[in-house]
Amino acid sequence: MQDNILVVNCGSSSLKFAVLANAGQQTLVEGIAERLGSDESLISIKYQGEKSQSPLIEGTHKEAVTVIKQWLDQHPDILQGLVGIGHRVVHGGETFASSIIIDEYVINGIEECAKFAPLHSPAHIKGIEVTFELFPGIPQVAVFDTSFHQSLEAEQYLYPIPMSYYRNHGFRKYGFHGTSYRYISQQLAKTSPGSEQQGVLVAHLGNGASTCAINHGQSSDTSMGITPLEGLMMGTRSGSLDPSLISFISQAENISQDAALDVLNKQSGLLGVSELSNDCRTLEEAMLSGDERAKLSLDIFASRTAKYLASTATTLDSIDHLVFTGGIGENSVYLREQICQRLKAFGIKLDETKNQQAPRGEISNLTNEGCQTQIWVIPTNEELMIALDTISLIQK
Ligand code: ADP
């Protein structure tokens with residue numbers, strides 16, 4: 001039976017897509033439409049090792065999906081095997097604790113969550129509406145970044161602010177990267193059977209970064225909050241800090257509080273401190289050429305990641321596994337080493353040689369002899385998880 005799944009990830013100004021086959025194991029085609037909403041928007045499609053690019057005239061999500069549909073029309077072998085479409089959705093609030101087949105109720109639910117993800121949710125809705133229009137009769141599934149964290153206890157998800165704000169407005173921690181954490185938890189269970197009954201700490205370190213504690217297979221705490229701004233220092237996000245700074249920045253720079261918040265989201269983090277780049281690889285190269293500020297930005301990143309790993313670990317009985325994932329977690333030898341060094345009080349000890357020799361794109365164990373916590377690199381694969389959820393829901 002053919003089981004091609006189109007995975008769609010609509011951001012505010014981009015649309016990533018892939019068609020996965022063979023229970024998600026094979027990527028037939030993938031691509032990205034970028035700079036949507038501008039005059040320079042274009043779509044790139046990678047197929048059989050070759051990349052083609054074309055400009056988008058209107059630069060809308062609709063045009064991007066139309067181009068994807070036209071491409072599929074020209075590749076009927078792939079289109080005919082298409083059985084479902086899976087959408088990554090950033091915010092599912094308290095409404096969605098798992099992935100779900102999309103209908104009117106689900107669209108309304110995503111719309112209600114738009115207050116917490118004002119840039120992403122409208123893009124998701126657009127993407128869903130256009131795919132319904134262009135792929136009539138193909139079932140569609142929503143997979144939420146937040147749903148894995150719906151298992152958090154009130155003690156973890158409530159902010160210590162007046163309770164009426166939670167009751168009346170839903171102001172609480174939701175957490176993100178849930179699809180990645182669910183995937184990592186499943187991969188770890190395959191690699192290290194029994195881990196689903198243990199305590200697992202995961203650091204998902206990419207341009208966006210967060211930590212998660214997984215207790216007996218369920219998320220018990222995570223560092224991101226009502227939005228992805230809380231927690232770790234990231235590429236351009238500050239992560240957690242004294243909220244008074246918003247008022248101070250706004251007064252000192254004579255900008256609105258929303259603009260000050262924008263600074264914390266888009267001009268801070270690695271970029272803000274290094275004054276060079278939000279990209280870890282660029283910063284590591286600069287550090288090696290003697291740029292002290294690049295080094296400082298990476299060291300603050302390591303320090304804050306270690307702190308959040310330690311704090312999320314308070315929901316575990318024991319730290320049996322520590323997993324690094326995401327572009328930085330999977331590839332940065334320097335940051336893995338710096339983070340583990342700062343966790344030595346917890347008995348975390350990395351094997352330096354294994355860390356340096358960890359093969360790219362594969363699962364590897366970096367544990368030093370005598371360390372009780374198994375330290376891993378596990379490459380994440382959110383698209384695969386979305387495809388698997390889609391297959392499983394449409395088969396029901
Ligand atoms: P996101 O999905 O959040 O946009 P990714 O998970 O793709 O981000 O991670 C991007 C980050 O990973 C960038 O900071 C990039 O520099 C970093 N990265 C990728 N490869 C390497 C590498 N070999 N060494 C260090 N950092 C790397």
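Things to note:
- The helix-based estimate of mean residue ellipticity at 222 nm for the chain, built from -39,500 (n - 2.57) per DSSP H run of four or more residues and divided by its residue count, is -11500 deg cm²/dmol to the nearest 500.
- Rolling a 1.4 Å probe over the protein heavy atoms leaves F135 with an accessible area of roughly 10 Å².
- For the chain: relative contact order, % (alpha-carbon pairs under 8 angstrom, 6 or more apart): 14
- Total charge dipole magnitude, the chain, about the Cα centre, Cβ charges on Lys, Arg, Asp, Glu only, Debye to nearest 20: 500
- Label-to-label distance, nm, for residues given as K396 and S13 (7 Å Cα→Cβ offset): 3.8
- Here segment 242-263 is scanned for amide nitrogen atoms under 18 Å from the site 7 Å beyond the Cα of L119 along Cα-to-Cβ, giving 256-263.
- Treating each Cα of the chain as one equal point scatterer and applying the Debye formula with no solvent, the log10 of I(q)/I(0) at q = 0.06, 0.10 Å⁻¹ comes out as -0.24, -0.69.
- Solvent-accessible area, 1.4 Å probe, carbon plus sulfur percent, for the chain: 49
- Loop-located GluC sites (Glu not before Pro) in segment 352-384 (DSSP state other than H, G, I, E, B) with a sparse environment of at most 14 neighbouring Cβ atoms within 10 Å: E362, E369.
- In terms of accessible area, using a 1.4 Å probe and ignoring ligands and nucleic acids, Y334, Y165 rank largest first as Y165, Y334.
- Among the listed pairs K51/K396; K46/K354; K51/K295; K295/K344; K173/K295, those with a Cα-Cα distance over 27 Å are K51/K396; K46/K354; K51/K295; K173/K295.
- Highest-fluctuation residue, K173, K307, K115 considered, GNM on the chain with Cα pairs under 10 Å: K115
- Calculated P(r) of segment 1-130 - Cα pairs past 21 Å, %: 42
- With all protein chains modelled, accessible area of I43 [1.4 Å, Å²]: 0
- Per-residue Karplus couplings for segment 316-328, computed as 6.51 cos²θ - 1.76 cosθ + 1.60 with θ equal to phi - 60°, are listed in order as 10, 7, 7, 9, 7, 9, 10, 10, 9, 8, x, x, 7 Hz, Gly and Pro entered as x.
- Per residue, the Cα convex hull of segment 79-225 amounts to 132 Å³.
- Relative to the globular-protein estimate of 2.2 N^0.38 Å, the Cα radius of gyration of segment 311-396 stands at 1.29.
- Karplus-based coupling profile of segment 172-179, in residue order and whole Hz: 7, 6, 10, x, 9, 6, x, 5, with θ = phi - 60° in 6.51 cos²θ - 1.76 cosθ + 1.60 and x standing for Gly or Pro.
- Euclidean distance of C-alpha centroids, segment 117-134 and segment 4-29, integer Å: 15
- Hits among lysines - C-alpha to C-alpha of K126 under 19 Å, sequence gap 8 or more where chains match: K16, K62, K69, K115
- Rounded, prolate or oblate (a/c below 1.5 giving rounded, otherwise prolate when a/b exceeds b/c) for segment 261-321 by Cα gyration tensor: oblate
- Ignoring lysines fewer than eight residues from K349 along the same chain, the ones with Cα atoms less than 17 angstrom from its Cα are K307.
- Global form of segment 30-99, assessed from the alpha-carbon gyration tensor, a/c cut-off 1.5: oblate
- Note: relative contact order over segment 149-259, using C-alpha pairs below 8 Å and six or more positions apart, is 23 percent.
The values are calculated or read from the model by the stated rules, or taken from the named source; none is laboratory data. Because the structure is a prediction, the values reported are computed rather than measured. We place every Cβ from the backbone using ideal geometry, glycine too, and count neighbours over all the protein chains shown. Calculation scope for accessible area: heavy atoms of the full protein, side chains included, ligands and nucleic acids excluded. Shrake-Rupley method; radii C 1.70, N 1.55, O 1.52, S 1.80 Å.
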